[in-house]
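Following: one structure in structure tokens, then a few remarks.
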Amino acid sequence: MKPKIAGNEQSLQKWGYFFVLPFILVFCIFNLYPIIYTFTLSFSDLKGLRADFSFVGLKNFLRLIQDANFWGAVKNTFIIWGFNFVPQLGIALVLAIWFSDNQLNLKYRNQVRAIIYLPNLLTAASVAMLFRSLFYYPVGPVNQLLQALGIYAETVKDGVIVKEGFNFFRSVPFSRGLVSFIQWWMWYGQTVILLMAGITSIPESLKEAALVDGATNGQITRHIILPLLRPIMIYTLITSMIGGMQMLDIPFLLTDMRGGPDYSIRTTTVYLYNIAFQGVNDYSYGAAISVGVFLITVILSVFIFFFMRERDNSSNKR
């Protein structure tokens, strides 16, 4: 009987390889090969309509280190991501605690959870075009509403005060704030779901024991829920940062496709697209930018992981 069982297991392993093979092929063709080719291009001089290229060593990376536009794009990316992530995590944490608290017994919480998750199902391109039309100058719906309320932008032309609609996308704070708001609005629902999953995985016996000892709901949240949610919050932080470094659709389509006004919403991927697929089509330098973004993301992710792990180790030693 034993050899028969071993034979069945061996045949099952063969079928496992057969079912995994399509995924491996698709991954190698559409993921692994583009990654290797991108790294190869970053050391070349391919641009324009040329098909051949030669290797130039670290020339593109030396240019990248000295490129003020690239580091300005990195700065814009972290500003927009920061103003998105902080309220995203804070509001999502409050909502997750409320929705997971059986004592509150909130009505329609399942329906509310579905509603706040709906924006995550929309495509970023359609959302960007929606908000662009809402704040369109000079006769967008927002301007029409403000004008109906008697609110106008006043400018002086030839000594005469002229009342007109607001050109929202000429304002750097507004443009950055709008991109951050859209990113928050689209993704905070998913963060709520993740945090709720983490809260529901916490054993109820811990909360009940704390209640028996006289702990309040606030103390349970601070001393039980939040510490045990740290792994989920670290995961959310890292994945949100990775998504922020890849932010393209919304800042690209919201204004002039180059990150205006004054390139204030030109993120790293928008800059990459401008370099590689607009103008001179400098594919090699665009590949170097993508590698630079990858390295920044990896370094920050490793730093966050080891920083949080170091804090865990120090707390355990105490």
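The values are calculated or read from the model by the stated rules, or taken from the named source; none is laboratory data. Given the structure is predicted, the values throughout are model-derived calculations rather than measurements. Heads up, the Cβs are rebuilt from the backbone with ideal geometry, glycines too, and the neighbour counts pull from every protein chain shown. Surface accessibility is based on the protein's heavy atoms, side chains included, excluding ligands, DNA and RNA. Shrake-Rupley method; radii C 1.70, N 1.55, O 1.52, S 1.80 Å.
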Among residues of the stretch 234-261, those that are open to solvent by 40 Å² or more (accessible area, probe 1.4 Å), in contact (Cβ under 8 Å) with a residue 60 or more places away in the chain and more than 27 Å from residue 46 (Cβ to Cβ), counted: 1
Qualifying positions in the stretch 157-176 - in a loop (DSSP other than H, G, I, E, B) and open to solvent by 60 Å² or more (accessible area, probe 1.4 Å): 158, 159, 166
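If a residue counts only when it is farther than 17 Å from residue 69 by Cβ, which helices (runs of 4 or more DSSP H) contained entirely in the stretch 208-316 have at least 2 such residues?
Details: elements: 217-220, 230-245, 249-254, 268-277.
Because the criterion is at least 2 residues that are farther than 17 Å from residue 69 by Cβ, the helices (runs of 4 or more DSSP H) in the stretch 208-316 that meet it are 217-220, 230-245, 249-254.
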Scanning the stretch 284-318 residue by residue, the ones that are modelled with pLDDT of 85 or more, surrounded by 13 or more Cβ atoms within 10 Å (Cβ to Cβ) and among the hydrophobic types (A, V, I, L, M, F, W, C) total 9
Restricting the stretch 189-206 to residues that are open to solvent by less than 30 Å² (accessible area, probe 1.4 Å) and either in contact with a Phe, Trp or Tyr (Cβ under 8 Å, 6 or more places away or on another chain) or part of a helix (DSSP H, G or I) (or both), which is nearest to residue 134 (Cα to Cα)? 189
Scan the stretch 262-283 and give yes if some residue there is basic (Lys, Arg) and either in contact with a Cys (Cβ under 7 Å, 6 or more places away or on another chain) or surrounded by 16 or more Cβ atoms within 10 Å (Cβ to Cβ) (or both), otherwise no. yes
Between 179, 192, which is in contact (Cβ under 8 Å) with a residue 60 or more places away in the chain, among the β-branched types (Val, Ile, Thr), in contact with a helix residue (DSSP H, G or I) (Cβ under 9 Å, 6 or more places away or on another chain) and over 30 Å from residue 275 (Cα atoms)? 192
